[in-house]
1. Looking at segment 153-178, which of its residues are within 14 Å of Ala267 (Cα to Cα), outside any loop (DSSP other than H, G, I, E, B) and touching a residue at least 12 places away in the same chain (Cβ under 8 Å)?
2. Scan segment 211-226 for residues that are assigned to a helix (DSSP H, G or I) and of a type in the set (Asp, Glu) and jot them down.
3. Residues of segment 227-251 being free of Cβ contacts under 8 Å to residues at least 12 places away in the same chain, assigned to a helix (DSSP H, G or I) and open to solvent by less than 80 Å² (accessible area, probe 1.4 Å), which ones?
4. In the set Thr55, Thr61, which member is more than 16 Å from Phe155 (Cα to Cα), in contact (Cβ under 8 Å) with a residue 24 or more places away in the chain and more than 10 Å from the ligand (Cβ to nearest atom)?
5. Within segment 81-90, is even one residue of a type in the set (Ser, Thr, Tyr) and farther than 29 Å from Val160 by Cβ?
6. Has segment 86-94 got any residue that is within 14 Å of the ligand (Cβ to nearest atom), closer than 18 Å to Ala15 by Cα, at pLDDT 95 or above and not aromatic (Phe, Trp, Tyr)?
7. Looking at the structure I just gave you, is Leu137 closer than 22 Å to Pro29 by Cβ and modelled with pLDDT of 95 or more?
8. Name the one entry in Phe46, Phe8 that is surrounded by 21 or more Cβ atoms within 10 Å (Cβ to Cβ), touching a residue at least 24 places away in the same chain (Cβ under 8 Å) and not in a helix (DSSP H, G or I).
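The values are calculated or read from the model by the stated rules, or taken from the named source; none is laboratory data. It should be emphasised that the depicted structure is a prediction, and the values quoted were computed from it without experimental measurement. Cβ sites come from the backbone with ideal geometry, for glycine too, and all protein chains shown count toward neighbours. Please note that ligands, DNA and RNA were not included when accessible areas were found on the heavy atoms of the full protein model with its side chains. Shrake-Rupley method; radii C 1.70, N 1.55, O 1.52, S 1.80 Å.
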Amino acid sequence: MKNGKLGFIGIGNMASAIIGGILSSGTFPVGDIYMYNPHAEKMQRFTESGCVACTSAEEVTELCDTVFLCVKPQIFPEVLRVIAPTVAKKNADDVVIVSIAAGVTFKNLQDALGADRRYVRAMPNTPLLLGEGATALCRTSNVPEEDFARVRSAFSCCGVTQEIDEAQMNAVIAVSGSSPAYLYLLAKLTCDYAAQQGIDPKTALTLFCQTMKGSADMLLNSGKDPQALMDMVTSKGGTTFALLNVLKEQGFNEAMISSFEACTHRAEELSM
Ligand SMILES: NC(=O)c1ccc[n+]([C@@H]2O[C@H](COP(=O)([O-])OP(=O)(O)OC[C@H]3O[C@@H](n4cnc5c(N)ncnc54)[C@H](OP(=O)(O)O)[C@@H]3O)[C@@H](O)[C@H]2O)c1
């Protein structure tokens, strides 16, 4: 029997962001949120808010029908081994296992916990910490809409969600999981250049960040595609033209594509 309880195993950065989002949105009753972390102090702020701390991963799995595995990929085999007997005792339709680890596949989860169980994979990103995340989700074909909606709404508390196929899950890391890093790199390079030119770093950061936000809004809401928006900023022989020409000459596009491929390839290597 389903009871609507959400369980979190591994209360680090990501789980804390998701639980924090759930608490601020009020989407789920606080008493329906269960968790386990080896260092209990990481659960303290959530227990103070009314979430329930468990003493083991097995206990979370036993009590909850949606279980989020939020540990590092290298800890996954251990956690799967620990919860497997508890998962086996449940009816197949009474538990959904959600993994947020890069490279842990449905096959890995099915081999460890059973082929008949229900699984969701999620690829969130760090802006989730501020409720501005982007999470790609996929599910095994046996996950019904109602169960998937529950998982999706947990991530929707901290940003946008999109459903994709599992086959795209490694490639999407370059799109949203890892991409904050190259946006931060762009911010760093731009602000370092601004500093060399005598512009106050805080002033440069404010201008650059608003440019990223405004450009994102243009991409989402102007009805124009990226090329058309680039064309709007670029007049032949002008400053943007000069900027883009150097990027082209120095192989920026090829470097970006190679970096996306390396990111996807690394996720494939990380598969258990
Ligand atoms: N960070 C990102 O940008 C990002 C993006 C997408 C996906 N992810 C995925 O999210 C997952 C979690 O990442 P994170 O950044 O939140 O990591 P994290 O901050 O290191 O959190 C992992 C937590 O797992 C706990 N843990 C360790 N061993 C455990 C065990 N045997 N049973 C239960 N809990 C255990 C750790 O507790 P102790 O500290 O007490 O040992 C820690 O609090 C990873 O699989 C990662 O691939 C991360």
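1. Listed by number, the residues that qualify are Glu166, Gln168, Val172, Ile173, Ala174, Val175, Ser176, Gly177.
2. The one that is assigned to a helix (DSSP H, G or I) and of a type in the set (Asp, Glu): Asp217.
3. The answer is Ala228, Thr240, Phe241, Ala242, Asn245, Val246, Leu247.
4. Thr61
5. Yes, there is a match, as at least one residue in segment 81-90 is of a type in the set (Ser, Thr, Tyr) and farther than 29 Å from Val160 by Cβ.
6. Restricting attention to segment 86-94, the residues satisfying the condition of being within 14 Å of the ligand (Cβ to nearest atom) are 86.
From the residues that got through so far, the ones that are closer than 18 Å to Ala15 by Cα too are none.
No, the conditions are met nowhere in segment 86-94.
7. In short, no.
8. Phe8
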